[in-house]
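Asks: Below is a structure I'd like to ask you about.
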Amino acid sequence: MAVHSTVAAVTKRVVTRSKPSRNAYLSRLHKAQHQGAQRAALSCTNLAHGFAAFEPGDKLKLRALRVPSVAIVSAYNDMLSAHQPFATFPAVIREAVRNAGGVAQFAGGVPAMCDGITQGQPGMELSLFSRDTIAMATAVALSHNMFDAAVYLGVCDKIVPGLLIGALHFGHLPAVFIPAGPMQSGLSNPEKSRIRQLYAQGKIDREDLLEAESQSYHAAGTCTFYGTANSNQLLMEVMGLHLPGAAFIHPDTQMRDALTAAASRRAVEISALSAMPIPVGQVVDEQSIVNAIVALLATGGSTNHTIHLVAIAKAAGIVIDWDDFDALSTVVPLLARIYPNGDADINAFHAAGGCGFVLRELLDAGLLHDEVTTVMGQGLHAHCAEPMLADDGTLHWRDAALHSASLDILRTVAAPFSVDGGLRLLHGNLGRAVIKVSAVALQHQTVCAPALVFFSQEAFMQAFHDGLLQRDFVAVLMFQGPRANGMPELHAMTPALGSLQDAGFQVALVTDGRMSGASGKVPAAIHVSPEVLDGGPLSRVRDGDMIRLDAVIGLLQAEVNATEWDARLPVSADLFENGVSMGRELFALFRANVCNAEQGATSFALPPLPTQPEPALNLPHADAEPFSDEDTATGE
């Protein structure tokens, strides 16, 4: 199937826009490669430090410089349900790598925080910047230059993007991402949403709410709604960084352990010392980034990836923007209904056909690039598969399901839920913003109502509890951008806005903050750029201004006389409290240097281009010396 004309055009635009920075990136990758083992570049003192604590057999292998050393970089902690299963993974990885002829070393841990725990708390203001912190921690883990490949253990919101950004700065190393899988299904999503709204209305008490939440989030594994964490996992599949079908297998199962072991062996097979090295900087290219955007749109994934994918691409020398998302959204149909865009959870999506079904549908329609490099060393078609265990425990793959097991959850390109991807670009005199409408009823996709200006979620909720919001309005929530307070997610408002909409009021949210993958039925223009603290025009809005949010035509406008609008001075606010307590002082450097949301809200700029750009070099390095079974048998 030929690639769809719009997909091809967007890809061409990205390639052209990115050419100088991508060529410079590939040149740096080539320079970082070392013929033979990476650790051969170390002095004897360096190397002795690097294997001092290893058991004798592995120490001999590392000393001989002829077998691959695989780094383990993990986001394990036992407070986050999604990451607790990673406690047992290093032992599985070490054994599998050893059996494949290599040595695995736990290179380093990275921080992992949960937005579900910090939601509405001061700690949430560290969340976005934790992504860049994770990228730097990944770089520290790999900085010892001991490694010929790496496996990355991470699942949740900022963690996978941070790991991948860090990995791409060591893009000469092959990389395999290993997920932990979702928890079993608990309380149904419609019931959870209903109880949250009852609590917001004061009709049930905290104990009732806590009981419902405990039934929803009840075991090890990823939360089962289709937020940023599960969007991460789907994107790792479509970018070819997972083994096929690995994303949504439950933790603590035989299949999960088999996939972890297989991923570890694969890291050895594609390492820099193998006959077919596959550096991660080659896997993540312009086509794979476009594929990721398409898959995100086709499944109604997290709006956080309008930020994270931009930052990931930048780390690989690739430049994308919201116009690319918007153009693709016009031709990519919505194939999945997963909460909050439907009632089903991620387990039901997986059972209905899951990633393999979606990828095959999109490939067959020409909406994905097949001719990409993946960790399997084949085109993307190799990922249209699901893993199976034979009676003897042997892992193998079969073709993904030909038919959806539930048309309420998963559909074909020929008969989708919607003809477009449900993510829209808004622009007007308030700036540029994104809105996710896949869960917003058509009658609510256009709102024109007076503005009510707030500077915090707390101020909004106080007005709600005081009964001041029983009316049509657009909540304009300012000073929530990355420079102002780290761009926290704003879900504390969601049940209140939902209940007001259910009561018949015309309501919407406009903010320079985030709502993420849990954006739901209330129209929300988010990530408004430039942000208020960076001189964004949202700062000119006053209570009572008529705000028009029209997701159908892509308009975000304050209907104020142009002369009056231009004469207005931006509002100001005392933001001192945003920078103190709960560790926020430590992140002042990020707030001072962060770019706007459309540029990835990252503190890292594209690396400077050389004064005389070098031509791009093909990867992998053809003269790398492969290892053999004989080498591993003798430890030499």
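The values are calculated or read from the model by the stated rules, or taken from the named source; none is laboratory data. The shown structure was predicted, so the numbers you read here are calculated from the model rather than taken from an experiment. A quick note on method: Cβ atoms are made from the backbone with ideal geometry, for glycine too, and the neighbour counts reach across all protein chains shown. Side chains included, ligands, DNA and RNA excluded: accessible areas come from the protein's heavy atoms. Shrake-Rupley method; radii C 1.70, N 1.55, O 1.52, S 1.80 Å.
Asks: Please state the relative contact order of the chain as a whole percent: Cα pairs under 8 Å, 6+ residues apart? Can you show the working numbers first?
Replies: Working: 1422 pairs, mean separation 114.5, N = 636.
Result for the chain is 18 percent.
Asks: Roughly what would the spin-label model give for Q184 and T253, points 7 Å off Cα along C-beta, in nm?
Replies: Label at Q184, label at T253, 1.1 nm between them.
Asks: Once you've got the Cα coordinates, tell me which of K203/K436; K61/K158; K158/K203; K61/K314; K158/K521; K31/K59 are over 31 Å apart.
Replies: On the way: K203/K436 29 Å; K61/K158 35 Å; K158/K203 35 Å; K61/K314 36 Å; K158/K521 24 Å; K31/K59 28 Å.
As for pairs spanning more than 31 Å Cα to Cα, those are K61/K158; K158/K203; K61/K314.
Asks: If you roll a 1.4 Å probe over the heavy atoms of the protein chains, what accessible area per residue do you get for the chain, in Å²?
Replies: It amounts to 37 Å² per residue over the chain.
Asks: Okay, moving on. Could you tell me which of G281, G240, T253 has its Cα farthest along the dipole of region 226-357 towards the positive end, charges placed at Cβ (Lys, Arg +1; Asp, Glu -1), taken about the Cα centre?
Replies: Positive-end residue among those listed: T253.
Asks: State, to one decimal in nm², a quarter of the convex hull surface area for the C-alpha atoms of the chain, i.e. the direction-averaged projected area.
Replies: With every direction weighted equally, the projected area is 28.7 nm².
Asks: Can I ask one more? Please go through region 236-324 and write out the trypsin sites (Lys or Arg not before Pro) that DSSP classes as loop and that have at most 14 other C-beta atoms within 10 Å.
Replies: Here no trypsin sites (Lys or Arg not before Pro) fit, given the DSSP loop and packing criteria.
Asks: Label E95 and T16 with points 7 Å out from Cα along Cα→Cβ: what is the distance between them in nm?
Replies: Spacing of the two 7 Å Cα→Cβ label points: 5.5 nm.
Asks: Quick check: convex hull of the Cα atoms in region 427-493, volume per residue, rounded to a whole Å³?
Replies: Per-residue hull volume (Cα only) is 123 Å³.
Asks: Given Cα pairs under 8 Å that are at least 6 residues apart, what percent is the relative contact order of region 1-159?
Replies: Reported relative contact order: 27 percent.
Asks: At 0.36 nm per residue, minus the direct Cα-Cα distance, what do L555 and D364 gain on full extension? Give it in nm, one decimal, please.
Replies: 65.4 nm
Asks: Mean separation of Cα pairs under 8 Å and 6+ residues apart, divided by the residue count of region 160-247: what relative contact order is that in percent?
Replies: 38
Asks: Return the FRET efficiency for the residue pair A459, T563: r is the Cβ-Cβ distance, R0 is 35 Å, and the value is rounded to the nearest 0.05.
Replies: Values: r = 30 Å, r/R0 = 0.86.
That gives a FRET efficiency of 0.70.
Asks: Cα-Cα pairs above 21 Å in region 225-297: how many percent?
Replies: Value for region 225-297 (Cα pairs over 21 Å): 36 percent.
Asks: Using the eigenvalues of the Cα gyration tensor, what equivalent ellipsoid semi-axes result for region 219-365 when each is taken as the square root of five times the eigenvalue, whole Å, largest first?
Replies: After scaling each eigenvalue by five and taking roots: 24, 22, 13 Å.
Asks: For P279, what is the net charge nearby, where nearby means another residue's Cβ is under 12 Å from its Cβ and Lys, Arg count +1, Asp, Glu -1? Before the final figure, lay out each step's value.
Replies: Working: positive: R28; negative: D148, D285.
Taking every other residue near P279 into account, the sum is -1.
Asks: Once fully extended, how much extra length lies between D466 and V571, figured as 0.36 nm per residue of separation less the alpha-carbon to alpha-carbon distance?
Replies: Residue separation times 0.36 nm, minus the Cα-Cα distance, leaves 35.3 nm.
Asks: Now for a different question. On a 0 to 90° scale, report how tilted helix 254-269 is relative to the longest principal axis of the chain, with both axes built from alpha carbons and the result rounded to the nearest 10.
Replies: On a 0 to 90 degree scale, this one is about 60.
Asks: Would you kindly state how much longer the chain becomes between S581 and L210 on full extension, computed as 0.36 nm times their sequence separation minus their alpha carbon distance, in nm to one decimal?
Replies: Additional length available on full extension: 130.9 nm.
Asks: Please give the Cα centre distance for region 428-456 versus region 256-275, rounded to the nearest Å.
Replies: If you average the Cα positions of each part, the centres end up 46 Å apart.
Asks: Oh, and also: What figure in square angstrom, to the nearest 10, would you give for the accessible area of E95 with a 1.4 Å probe?
Replies: Near enough 110 Å² of accessible area.
Asks: Let me ask something else. For the chain, which whole percent of the accessible surface, found with a 1.4 angstrom probe, sits on carbon and sulfur atoms?
Replies: C and S fraction of accessible area: 55 percent.
Asks: A follow-up question, please. For region 148-223 and region 533-593, what is the separation of their C-alpha centers, rounded to whole Å?
Replies: For region 148-223 versus region 533-593, the Cα centre distance is 30 Å.
Asks: Let me ask something additional. If the convex hull of the alpha-carbon atoms of region 278-392 is projected onto planes in all directions, what is the mean projected area in square nanometres? Intermediate values should be presented prior to the final figure.
Replies: Numbers: hull surface 34.0 nm².
Over every viewing direction, the Cα hull of region 278-392 projects on average to 8.5 nm².
Asks: With θ taken as phi - 60° and the coefficients 6.51, -1.76 and 1.60, list the Karplus ³J(HN,Hα) couplings across region 13-22 in order, rounded to whole Hz; mark glycine and proline as x.
Replies: 5, 5, 4, 5, 4, 8, 3, x, 6, 5
Asks: Sort out for me the Cα centre separation of region 75-120 from region 1-74, rounded to whole Å.
Replies: For region 75-120 versus region 1-74, the Cα centre distance is 20 Å.
Asks: Another question, if that's okay. Starting from the residue with the highest accessible area, list S81, S572, S216 in decreasing order, probe 1.4 Å.
Replies: Solvent-accessible surface, decreasing: S572, S81, S216.
Asks: Rounded to the nearest 0.05, what FRET efficiency do A275 and A52 give with R0 = 45 Å and r taken as the Cβ-Cβ distance? Could you check?
Replies: According to the calculation, E is roughly 0.90.
Asks: Could you check what % of the DSSP bridge pairs in region 370-493 are antiparallel, to the nearest 5?
Replies: Percent antiparallel among DSSP bridges in region 370-493 is about 75.
Asks: Using only protein heavy atoms and a 1.4 Å probe, report how much of L259 is accessible, in Å² to the nearest 10.
Replies: Surface accessible to solvent at L259 totals approximately 10 Å².
Asks: Could you work out Rg/(2.2 N^0.38 Å) for region 1-157, with Rg from alpha carbons only?
Replies: 1.32
Asks: With charges only on Cβ, +1 for K and R and -1 for D and E, what is the dipole size of the chain about its Cα centre, in debye, rounded to 20?
Replies: Working: 42 positive and 62 negative charges, 179 e Å.
The dipole magnitude comes to about 860 debye.
Asks: Rounded to the nearest 0.05, what FRET efficiency do A219 and L389 give with R0 = 25 Å and r taken as the Cβ-Cβ distance? Could you check?
Replies: On the way: r = 22 Å, r/R0 = 0.87.
Given R0 = 25 Å and the Cβ-Cβ separation, E is 0.70.
Asks: With both partners inside the chain, how many of the DSSP beta bridges are antiparallel, as a percent to the nearest 5? Write down the numbers at each step before the final one.
Replies: Details: 25 of 54 bridges.
In the chain, approximately 45 percent of DSSP beta bridges are antiparallel ones.
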